[in-house]
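The values are calculated or read from the model by the stated rules, or taken from the named source; none is laboratory data. The model shown is predicted, which means the values in this text are computed figures rather than measured ones. All Cβ positions, glycine included, derive from the backbone under ideal geometry; neighbour counts span all protein chains shown. Accessible surface is based on the protein model in full, side chains and every heavy atom, while ligands, DNA and RNA are left aside. Shrake-Rupley method; radii C 1.70, N 1.55, O 1.52, S 1.80 Å.
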Amino acid sequence: MSIPETELRLIVVAENLLARAGLAALLEARGFAVVAQSDGGDLDRAVAEAGADALIFDLGWQSENLRQTLAEWLGDLPVLALVADDETEESLLALIGALTAFPGYAILPRESEPDAFASALYAIDFGLIVLDPGLRLLPVARMDPQLMAEAIPLTPRENEVLQLLAQGTTNKAIALDLGITEHTVKFHVNAIMGKLGAQSRTEAVVRATQLGLIVL
C-alpha cells in the first residue's frame, strides 16, 4: 500500500525497557513520531499527555501483565499488537477479543519487517483490521480466497452486519446504524456465526477475515 505523508504520533508500550527503546528507534527511523513510551503501568497518563494517534504494544515475551492492561484499558485509540512467532491460537483469540473494543487494530509477529509495521499503523489509523496471514488462527482450506468467500452465502444485510462486527460495533449501535431492531441484529449475528462455523462474534470476525469477507 502507498504510505501517506501524514506523520502519525505513537505511544510505544512494552514492559522491557530495551524493547521499548528498540521499537521506538525503529519507528522513528520510518518517519513516525514516538511521543511517549510506557511499561503499561502509566498508560492512562501517557495517553492523556501525549496526544497520540495510535499505540503499539509489544506482547512478544513476558507480557501477561501488559495483556491484562490491554484487556482492561478503556481508551479509544487504534492499537497495533506485536506477538511472538509461537503465539497459540487460544491466546490470539483472547487478544482479538480484547482488541475488538478499539477503533482499529492489527496483530503482527514482532519480527515483521518495518514496512509491515508502517502499513499496519496507517491501516488501523483508518479504522481497519489487520491480521498477519502467518498467525496460528483457525485453519482454513488452502484455496483461492475469492472462491472461499463465494462459498459463504451471506445475504447483503448479513454482510453489512459483518462489516460492523469487524469494527467492534455493539448490537445496539449496529441496530441504530442500519435502522433495525436489536432482536434483528442478534438474528443476523447468529446466522453469520452459523454460516462461518463460529462459536462467538470474535471467532466469526477471524474466520471472515481469513476468507476475505471483511472489506479493508
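Before moving on, here are some points about what is shown:
- Residue within segment 196-212 that is exposed (fewer than 14 other Cβ atoms within 10 Å of the Cβ) and part of a helix (DSSP H, G or I) present: no
- Qualifying residue in segment 25-39 (condition: outside any helix (DSSP H, G or I), open to solvent by less than 40 Å² (accessible area, probe 1.4 Å) and farther than 26 Å from PHE126 by Cβ): no
- If the condition is being outside any helix (DSSP H, G or I), more than 21 Å from LEU108 (Cβ to Cβ) and out of contact with any strand residue (DSSP E or B) (no Cβ under 9 Å at 6 or more places or on another chain), then segment 43-72 contributes no residue at all.
- Each residue in segment 94-118 was checked for being farther than 19 Å from LEU66 by Cβ and within 13 Å of the chain's Cα centre (by Cα), and 2 pass.
- The residues of segment 56-103 that are among the polar types (S, T, N, Q) and loosely packed, with under 13 Cβ neighbours inside 10 Å, listed by number, are GLN62, ASN65, GLN68, THR88.
- Looking across segment 80-129, the residues that are of a type in the set (Val, Ile, Thr) and in a loop (DSSP other than H, G, I, E, B) come down to THR88, THR100.
Listed here are the residues, each with its yes/no results for (1) modelled with pLDDT under 85; (2) touching a Pro at 6+ places or on another chain (Cβ under 6 Å); (3) within 23 Å of LEU128 (Cβ to Cβ); (4) of a type outside the set (D, E, K, R).
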position	(1), (2), (3), (4)
GLY22	no, no, no, yes
ARG45	no, no, no, no
TRP61	yes, no, no, yes
ARG67	no, no, yes, no
LEU77	no, no, yes, yes
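- On inspection, GLY75 fails the criterion of being assigned to a loop (DSSP other than H, G, I, E, B) and more than 18 Å from GLY104 (Cβ to Cβ).
- Check on LEU137, under 19 Å from ASN190 (Cα atoms) and either part of a loop (DSSP other than H, G, I, E, B) or at pLDDT 90 or above (or both): no
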